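To start, the structure under review is shown below, and the notes come after it.
Derivation of every value follows stated rules applied to the coordinates shown; laboratory data play no part. Being a predicted model, the structure only gives us computed values, none of them experimental. Counting neighbours? That spans all protein chains shown, and the Cβs are built from the backbone with ideal geometry, glycine included.
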Amino acid sequence: MEEFLRILTQSLGELLAPTTAAYAMAAIGLNLHFGYTGLLNMGQAGFMLLGAYGFGITLVAGGPFWLALLVAIAAGVVFALILGMPTLQLRGDYLAIVTISAAEIVRWFGRSTLWQEWTGGASGLQGRYYKEPFQELSFLPDGRFALGPLEYINTGSDSWWTRIVAWGLVALVLVFVWLITRSPWGRVLKGIREDEDAVRALGKNVYSYKLQALVIGGAIGALGGVIFALPAAIVPDSMGRTMTFFVWTILLLGGAATVFGPVLGSMIFFAAYMFMRTGMRALAENTGVGDVITTTNVEQIGGMLVGVTLMLLVIFRPQGILGNKKELAFNVR
Amino acid sequence: MSDDKTVTAAALSDLATVARTPGAAKPNPILVADHVTRRFGGMTAVDVDHLEVQEGVITALIGPNGAGKTTLFNLLTGFDRPNTGEWSFQGKSLSGKGGAAVAKSGMVRTFQLTKALSRLTVLQNMLLASPSNPGEKLALSWLPFLWKKHEAETTEKAMEILARFKLDAKAADYAGSLSGGQRKLLEMARALMTDPTIIMLDEPMAGVNPALVQSLLHHIQALRDEGMTVLFVEHDMHAVRHISDWVVVMAEGRIVAEGPPDSVMKDQAVVDAYLGAHHDTDLGDDSLLDPEVLARLEAEEEKR
């Protein structure tokens, strides 16, 4: 029983974890790409990694926190422009191919020794090199704080301060995305998602709208990378294809083209993911299940189950939790 | 409205004086195309020497399958690029312009395969078409008070047009839930939201049930009576004869005949294009084996 409570508490903790916020942020960006505009960005992790690098390197070089944020956003914008300008005039599939390979290129450059003095190579940038300016901003008193069963230190890596900043940023971006997508501008994006030739025939510059969506979603993805780096380190190999597919799972779970879908999706995804892994581990240690699933296999099986979930979602509930079934009934044949 | 009527009447009487030859000059051309060619590999899909479209009337573009009608449409509206050729609309050159720029200049098209934006409501489809909406600029989009007024005016106009097309009851439904014919109507209504000078309809009657055809024809005539120029591609001969003021016939990429609907249908070139030049010749006829007859037929072929 005590074991079970521990697992529940850990899963509950995931709801508010900074990583959850980071993925929610990345999914909000991807939602702008895919949910609203229909752009297939298969390299959101690349945007996140670049954002994290921009943030970390600026702080390591001695820049202030706000400048680091701006650099991160700028990195996402530039990456989106480089990827979007040549490919957005082509059919949608090309963007998918280009983004997935570009994200890999960024990762391989990051882990190579080429710019090791900046990126730290394969072992990445340790958190202690860049966290100080961020934690100095904290106005929370020293000590610990408990909210129900959740107890963390006030200021530090895995702290309340990190959570406040992470979710604060998510809330800000969410309001911004809500405002722009409910406007006529957002309506044009949805039109492009449905049929870009029809929108072009009405005199709209489709290319420019797609580029705007890619840039904004990419910059939001870069911010997601910043949040991801706040409580951890910037290690290129932890921000690869797996990350991209987690973000996709989160978006489709919560519901594409909905405002709160990415946030809800991220919370449910990480709580369930944690529950599944810690649960499996507990079962493997204490019961006969251990003969079938050893504790060392839990991570891999967890990853496989995420893949299966993504497939089941796309097949049986493509609109996700919050999506409108009626809206998705068309076009999906 | 009465002004528009007299304009239309004048445009129609102008047409009476036009020569009935391919590429004939019109007294008041709104669209002029020259030497437009488009090749797909070795096949020449469009090879139009000269074409003028009279302002304020309904011009039909007809021809058998593969005549290059839709390709010509795509070229003129910026959805395809020609190998050679230039064309101007209201005196301004449009060659090389993209689809969006063409539409902005007042030449708005619809598609053969209807492009209703399924997962937007009927009303959203209409509002999307409104030109120069300040809320469509990213920088202003998040400040609703800057575009609320434009949006309200546009909604009013959209509902008016929808009422005309009897779609107003469907305004809140997703466009994807409309029937094929209603989608055609919606596409036409949406094009009207842009206040076009010329409206280009690509097979407006295709896939529409016969009961709706009559009302569609009526709508197209109403557009002309309001002073709009209409150019449309069509297979349905009945529709063409019924509403068009001028007919341009294409075959194998070229314009083979032009004229008012009743006379152009009797044109030998048109009959040949539709039925084949030798549709009267009995292939079972032994005389075909006679070299003299064959030579005569070949000579005829050469002359064409």
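Some points to look at:
- A simple charge model with +1 on the Cβ of Lys and Arg, -1 on the Cβ of Asp and Glu and nothing else charged puts the dipole of chain A at about 1000 debye relative to its Cα centre.
- Packing-based ranking, highest mean first, of A:229-239, B:73-83 given that Cβ atoms within 10 Å are counted: A:229-239, B:73-83
- Adding -39500 (n - 2.57) for every DSSP H run of four residues or longer, then dividing by how many residues chain A holds, sets the calculated 222 nm ellipticity at -22000 deg cm²/dmol.
- In summary, the helical segments of chain A meeting the span-like criteria, namely a full DSSP H run, a Cα extent along the axis of 30 angstrom or more and a mean Kyte-Doolittle hydropathy of at least 0.5, are A:65-87, A:160-181, A:206-229, A:261-286.
- Working note: 222 nm ellipticity from helices only, DSSP H runs with n ≥ 4, each -39,500 (n - 2.57), summed and divided by the residues of chain B, gives -11500 deg cm²/dmol to the nearest 500.
- FRET efficiency for A:Glu104 and A:Phe176, using Cβ-Cβ distance with R0 set to 30 Å, rounded to 0.05: 0.55
- Spin-label model, A:Leu81/B:Val271: points 7 Å from Cα along the beta carbon direction are separated by 6.6 nm.
- Cβ-derived FRET efficiency at R0 41 Å, B:Lys149 paired with A:Asn297, nearest 0.05: 0.05
- Under 5 Å from the amide H of B:Glu55 lie the amide H atoms of B:Asn28, B:Ile30, each residue being 5 or more positions distant or on a separate chain, with H modelled from the backbone and absent for Pro and chain starts.
- Extension gain, A:Tyr94 to A:Lys326, is 80.6 nm, computed as 0.36 nm per intervening residue step minus the present C-alpha separation.
- Global form of segment A:1-140, assessed from the alpha-carbon gyration tensor, a/c cut-off 1.5: oblate
- Look at the alpha carbon pairs under 8 Å that are at least 6 residues apart: their mean separation over the length of chain A gives a relative contact order of 32 percent.
- Overall shape: prolate for segment B:124-175, with the ratio a/c of the largest to smallest alpha carbon gyration tensor axis at 1.5 or above and a/b above b/c.
- Global geometry of chain A, whether rounded, prolate or oblate, following the gyration tensor of its Cα atoms and the 1.5 cut on a/c: oblate
- Report note on the peptides A:257-269, A:32-44, A:293-305: ranked by the mean count of other C-beta atoms within 10 Å, highest first, their order is A:32-44, A:257-269, A:293-305.
- B:Val46 long-range amide H proximity, modeled H, under 5 Å: B:Arg38
- Plainly put, the protein assembly as shown has a radius of gyration that is 1.11 times its Kirkwood radius, both from alpha-carbon atoms, as the Rg/Rh ratio.
- Dipole-positive endmost among B:Thr44, B:Pro29, B:Leu12 within segment B:11-61 (Cβ charges, Cα centre): B:Thr44
- Cα-centre dipole for chain B with unit charges at Cβ (Lys and Arg positive, Asp and Glu negative), debye to 20: 1800 debye
- Positive-end residue of A:Leu59, A:Ala80, A:Val188, charge dipole of segment A:36-194 with Cβ unit charges: A:Val188
- Part-to-part distance (alpha-carbon centres) for segment B:68-146 and segment A:30-45, which is given in Å: 24 Å
- Nearest-20 debye value, segment B:124-175 charge dipole, Cβ charges on Lys, Arg, Asp, Glu: 40 debye
- The slack in the chain from A:Met304 to A:Gln116, taken as 0.36 nm per residue of separation less the alpha-carbon distance, amounts to 64.4 nm.
- Applying a length cut-off of 15 Å (Cα extent along the axis) and a mean Kyte-Doolittle floor of 0.0 to the DSSP H helices of chain B leaves B:2-16, B:210-225.
- The stretch between B:Asp173 and B:Val293, if pulled fully straight at 0.36 nm per residue, gains 36.7 nm over its current Cα-Cα span.
- Virtual paramagnetic centre 7 Å along Cα→Cβ of A:Glu285, amide N under 16 Å, in segment A:1-27: A:1-11
- Peptide B:128-134, shielding by other chains (average Cβ, 10 Å cutoff): 5
- Summing charges over all other residues whose Cβ lies under 10 Å from the Cβ of A:Pro18, with Lys and Arg as +1 and Asp and Glu as -1, gives 0.
- The mean number of Cβ atoms from other chains found within 10 Å of a Cβ in peptide B:104-111 is 3, as a whole number.
- For the segment A:176-186, counting C-beta atoms of other chains within 10 Å of every residue's C-beta and taking the mean gives 6.
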